[in-house]
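Heads up, the thing below is written out as C-alpha cells.
The values are calculated or read from the model by the stated rules, or taken from the named source; none is laboratory data. Note that the coordinates shown come from a computational prediction; the quantities given were computed from them, not determined experimentally. Neighbour counts are summed over all protein chains in view; Cβ atoms, including those assigned to glycine, are modelled from backbone coordinates with ideal geometry. With ligands, DNA and RNA removed, areas are computed over all heavy atoms of the protein, side chains included. Shrake-Rupley method; radii C 1.70, N 1.55, O 1.52, S 1.80 Å.
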Amino acid sequence: MSRQASRARRGRTRTLVLGAFAAALLFAVGFVGHDKLAPLAPAALQPAAPQPRVVDAQAQEIEALLTQTSWVSLGGAGAPVHILAHRHDETSARFLTEMAPRLADSGAEVRVTMFAPTDRDGVVQSTKAERATVAELWLSRDPALLERWLATDPARWTAAGLPSADEGVARPGLVTLGRRLAGQLEGLVAASGGRVGYPLVIWRDGAGRLRACACIDERSWAVVLEDRARADPAPTPIEAVPAAPPAPRRPAPPAAPTGRPYPDLPPPKAAPSERTSETPTPAPVPRAQRSAPSAPPIAARPQAEPPARRETRPAPGRARPEARRQDDSLFF
C-alpha cells in the first residue's frame with residue numbers, strides 16, 4: 001500500500017507541475033503575443049503557415065474590382081500581382097519593402113493599392129496624414145511618394161505638402177472608395193474559404209488559376225514567391241508544331257507605261273550566213289534616186305507676152321548703110 005500511495009503522490013505532483021507550466025505558457029502568449037513567441041516554440045508545436053487559396057469561383061468579381069482600383073506600379077512587365085495593404089500595419093510595410101522587389105525581379109508587374117482602414121465603433125483607425133497620402137497615391141500613382149512613405153515611421157509621417165483628404169469632395173471620395181474596395185475583397189476571399197488579412201496578395205499561377213493570400217505570416221511569403229516563379233506550362237502539341245515556311249512571293253507585274261505605247265514591229269529577217277556569186281548583192285541606190293515624198297505640183301505661172309518689136313527707120317535725109325565684106329574678112 002505504501003508503494004502505491006507514493007506512486008499516486010508522484011503522479012499528482014507531475015500533473016500539477018505540467019498544469020502550472022501550461023498555464024504560465026498560455027499567460028505569456030496572451031501577454032507578449034503569439035507572433036513573438038512562435039519562433040521560440042519547437043517546429044512541431046508551431047501552426048502551419050497559411051497557404052494561398054484558389055478563388056476561381058469568385059475570380060470574375062475579384063478581377064472586376066481590381067480593374068476599378070488605382071495602383072502604383074513597382075516595376076516588372078509580366079503578369080500582374082496585386083497587393084492591397086495599408087500603412088498602419090507593419091507587416092504590410094515589410095512585405096512591400098522586402099518582397100515586392102523580389103516579385104518584380106521574378107518577372108511580375110507589382111501593383112500596389114493602398115487604403116486607409118475603416119473606423120470601428122466610432123474609433124478612428126487612420127491618421128489625417130495617412131488619409132491624405134492614400135488620396136494622393138490614388139491620384140498621382142507616384143512610386144517615389146510610396147517609397148518615402150514606407151521608409152518613414154508612421155508616427156513621424158506628416159504628409160507635408162499634400163492636400164487634406166478630409167475636405168472637399170474628390171479626395172475624401174477616393175478614401176471612401178479604397179475602404180469599400182477592401183471590404184468587398186475581404187468578403188469575396190472569405191466566401192472562397194480563404195483567410196482575411198493584410199497584405200492581401202492576388203495573382204494568377206502558372207496554371208492560370210486566380211489565387212489569394214493573406215500574407216500575415218512571413219512563412220507564406222516564400223510560398224507566394226515560389227508559386228509566382230514557376231515556369232509557364234508547356235505548350236500544347238498544336239503550339240509546338242513548327243510553322244510552315246512562307247509561300248514564295250510572286251514577281252510583281254511590270255508597271256504600265258505612262259506614255260504612248262510602243263508600236264508592234266515585225267521581227268527582223270535573219271541575214272544569210274554566206275554569200276555566193278549566184279546571188280549578187282544589189283548595188284546601193286544613190287541617195288538622189290531614193291524615194292522621196294512627192295512635193296505638190298507647182299502651178300505654171302502665166303508668161304507675159306513679149307513686147308512688140310518696133311522697126312527702126314532711118315532718119316529722113318540719111319541713106320541706110322549697106323553691108324559690105326572686106327577683102328581680108330569673112331564677115332560682113
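When you scan segment 67-82, do you find a residue that is closer than 20 Å to Val196 by Cβ, among the hydrophobic types (A, V, I, L, M, F, W, C) and open to solvent by less than 20 Å² (accessible area, probe 1.4 Å), even just one?
Checked against the condition, which is being closer than 20 Å to Val196 by Cβ, among the hydrophobic types (A, V, I, L, M, F, W, C) and open to solvent by less than 20 Å² (accessible area, probe 1.4 Å), segment 67-82 yields at least one hit.
Run down Val110, Val134, Val123 and say which single residue is open to solvent by 70 Å² or more (accessible area, probe 1.4 Å), closer than 19 Å to Asp89 by Cβ and out of contact with any Lys or Arg (no Cβ under 6 Å at 6 or more places or on another chain). Steps first, please.
Numbers: Val110 fails: open to solvent by 70 Å² or more (accessible area, probe 1.4 Å); Val134 fails: open to solvent by 70 Å² or more (accessible area, probe 1.4 Å).
Testing whether each residue is open to solvent by 70 Å² or more (accessible area, probe 1.4 Å), closer than 19 Å to Asp89 by Cβ and out of contact with any Lys or Arg (no Cβ under 6 Å at 6 or more places or on another chain) leaves just Val123.
For the subset of segment 60-109 comprising residues that are assigned to a strand (DSSP E or B) and among the β-branched types (Val, Ile, Thr), which member is farthest from Leu145 (Cα to Cα)? Walk me through it before giving the result.
Kept after step one, since they are assigned to a strand (DSSP E or B), are these residues of segment 60-109: 72-73, 80-85, 109.
From the residues that got through so far, the ones that are among the β-branched types (Val, Ile, Thr) too are 72, 81, 83.
On the way: Val72: 10, Val81: 20, Ile83: 17 Å.
Step by step, filter segment 60-109, then rank; the result is Val81.
If we scan segment 173-194, do we find a residue that is part of a loop (DSSP other than H, G, I, E, B), open to solvent by 60 Å² or more (accessible area, probe 1.4 Å), touching a residue at least 40 places away in the same chain (Cβ under 8 Å) and closer than 29 Å to Pro52 by Cα? I'd like the intermediate steps shown before the answer.
Start the filter on segment 173-194 by keeping residues that are part of a loop (DSSP other than H, G, I, E, B), which leaves 192-194.
Filter once more, so that each one left must be open to solvent by 60 Å² or more (accessible area, probe 1.4 Å): none.
There is no residue in segment 173-194 that is part of a loop (DSSP other than H, G, I, E, B), open to solvent by 60 Å² or more (accessible area, probe 1.4 Å), touching a residue at least 40 places away in the same chain (Cβ under 8 Å) and closer than 29 Å to Pro52 by Cα.
Can you tell me how many residues within segment 157-172 are in a helix (DSSP H, G or I) and exposed (fewer than 14 other Cβ atoms within 10 Å of the Cβ)? Explain how you work it out, then say what you get.
Going through segment 157-172, the residues in a helix (DSSP H, G or I) turn out to be 170-172.
Filter again for exposed (fewer than 14 other Cβ atoms within 10 Å of the Cβ), leaving 170.
Of the residues in segment 157-172, 1 are in a helix (DSSP H, G or I) and exposed (fewer than 14 other Cβ atoms within 10 Å of the Cβ).
Given the criteria modelled with pLDDT of 90 or more and not hydrophobic (A, V, I, L, M, F, W, C), does Arg120 qualify?
Details: modelled with pLDDT of 90 or more: no; not hydrophobic (A, V, I, L, M, F, W, C): yes.
Here the answer is no, as Arg120 does not meet what is asked.
Looking at (1) modelled with pLDDT of 90 or more; (2) open to solvent by 30 Å² or more (accessible area, probe 1.4 Å), which one does Glu90 not meet, given that it meets all the others?
The failed condition is (1).
Quick check on my filter: what residues within segment 126-156 are outside any helix (DSSP H, G or I) and closer than 30 Å to Ala222 by Cα?
Taking segment 126-156 as the starting set, the residues that turn out to be outside any helix (DSSP H, G or I) are 126-127, 141-142, 152-156.
Correct list: Ser126, Arg141, Asp142, Thr152, Asp153, Pro154, Ala155.
Go through the residues of segment 236-253 one by one and say whether even a single one is surrounded by 11 or more Cβ atoms within 10 Å (Cβ to Cβ), at pLDDT below 90 and in a loop (DSSP other than H, G, I, E, B). Give the derivation first.
Our first condition is that a residue be surrounded by 11 or more Cβ atoms within 10 Å (Cβ to Cβ); within segment 236-253, this holds for none.
There is no residue in segment 236-253 that is surrounded by 11 or more Cβ atoms within 10 Å (Cβ to Cβ), at pLDDT below 90 and in a loop (DSSP other than H, G, I, E, B).
Mind counting the residues in segment 103-120 that are in contact with a strand residue (DSSP E or B) (Cβ under 9 Å, 6 or more places away or on another chain) and either free of Cβ contacts under 8 Å to residues at least 40 places away in the same chain or of a type in the set (Asp, Glu) (or both)?
3
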